[in-house]
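Enquirer: The structure is given below, and queries will be raised subsequently.
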Amino acid sequence: MRKVAILTTLALAVVVWGGCKQTAVEGPSGKKLTLMKPADQSIKRGETNQVKVSINRDNFRDAVSIMFEDLPNGVQVQDKDKKIAPEETSATFTLVADPKADLVTNHNVKVTASATDGMKVTEVFKVTVKEK
């Protein structure tokens, strides 16, 4: 009996459209996941802010997980387990700044979209935390 190993290669493509950056990853069977760069955010200590995360899917309809990394100290995502549903192309997430959150300007935050077959794509947006 002969064993055959199948390797799946993910291709990464970065596309810039009229100043709106997006990053895409391709998976097996023509699947493709594209993540658009969220708008930069400004939030005041003790307040909340909404971040819209948008994606495009090609050749699959599964839910897409969204994860935020490197948020400023004292800022967190309220709905961190929320996913973009199979019938949706975006979801809004709530950033919550603690009253003593670090004051920062243009702090780089990573947002990552993950889907089936190991497709994972990351974009960076900026977060500024101001005094209330």
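The values are calculated or read from the model by the stated rules, or taken from the named source; none is laboratory data. Since the structure is predicted, the reported quantities are computational estimates derived from the model, not experimental observations. Counting neighbours? That spans all protein chains shown, and the Cβs are built from the backbone with ideal geometry, glycine included.
Enquirer: Going through segment 82-132 one residue at a time, which ones are within 21 Å of Thr34 (Cβ to Cβ), at pLDDT below 95 and basic (Lys, Arg)?
Expert: Scanning segment 82-132 gives a single hit, Lys82.
Enquirer: Could you list all residues from segment 64-76 that are over 12 Å from the mean Cα position of the chain (by Cα) and of a type in the set (A, V, I, L, M, F, W, C)?
Expert: Correct list: Leu71, Val75.
Enquirer: When you check Ala113 against the structure, is it at negative phi and without any contact (Cβ under 8 Å) to a residue 40 or more places away in the chain, yes or no?
Expert: Against the criterion (at negative phi and without any contact (Cβ under 8 Å) to a residue 40 or more places away in the chain), Ala113 does not qualify.
Enquirer: Is at least one residue of segment 77-86 under 21 Å from Gln22 (Cβ atoms), among the charged types (D, E, K, R) and either out of contact with any helix residue (DSSP H, G or I) (no Cβ under 9 Å at 6 or more places or on another chain) or assigned to a strand (DSSP E or B) (or both)?
Expert: Yes, segment 77-86 contains at least one residue that is under 21 Å from Gln22 (Cβ atoms), among the charged types (D, E, K, R) and either out of contact with any helix residue (DSSP H, G or I) (no Cβ under 9 Å at 6 or more places or on another chain) or assigned to a strand (DSSP E or B) (or both).
Enquirer: Right, something else. Give the residue that is modelled with the highest pLDDT, with candidates limited to residues of segment 22-43 that are touching a Leu at 6+ places or on another chain (Cβ under 8 Å) and among the hydrophobic types (A, V, I, L, M, F, W, C).
Expert: Ile43
Enquirer: Determine if segment 41-64 includes at least one residue that is touching a Gly at 6+ places or on another chain (Cβ under 6 Å) and part of a loop (DSSP other than H, G, I, E, B).
Expert: Among the residues of segment 41-64, at least one is touching a Gly at 6+ places or on another chain (Cβ under 6 Å) and part of a loop (DSSP other than H, G, I, E, B), which makes the answer yes.
Enquirer: With the condition kept exactly as written, say whether any residue in segment 12-21 is closer than 30 Å to Val104 by Cβ and modelled with pLDDT of 50 or more.
Expert: Yes, there is a match, as at least one residue in segment 12-21 is closer than 30 Å to Val104 by Cβ and modelled with pLDDT of 50 or more.
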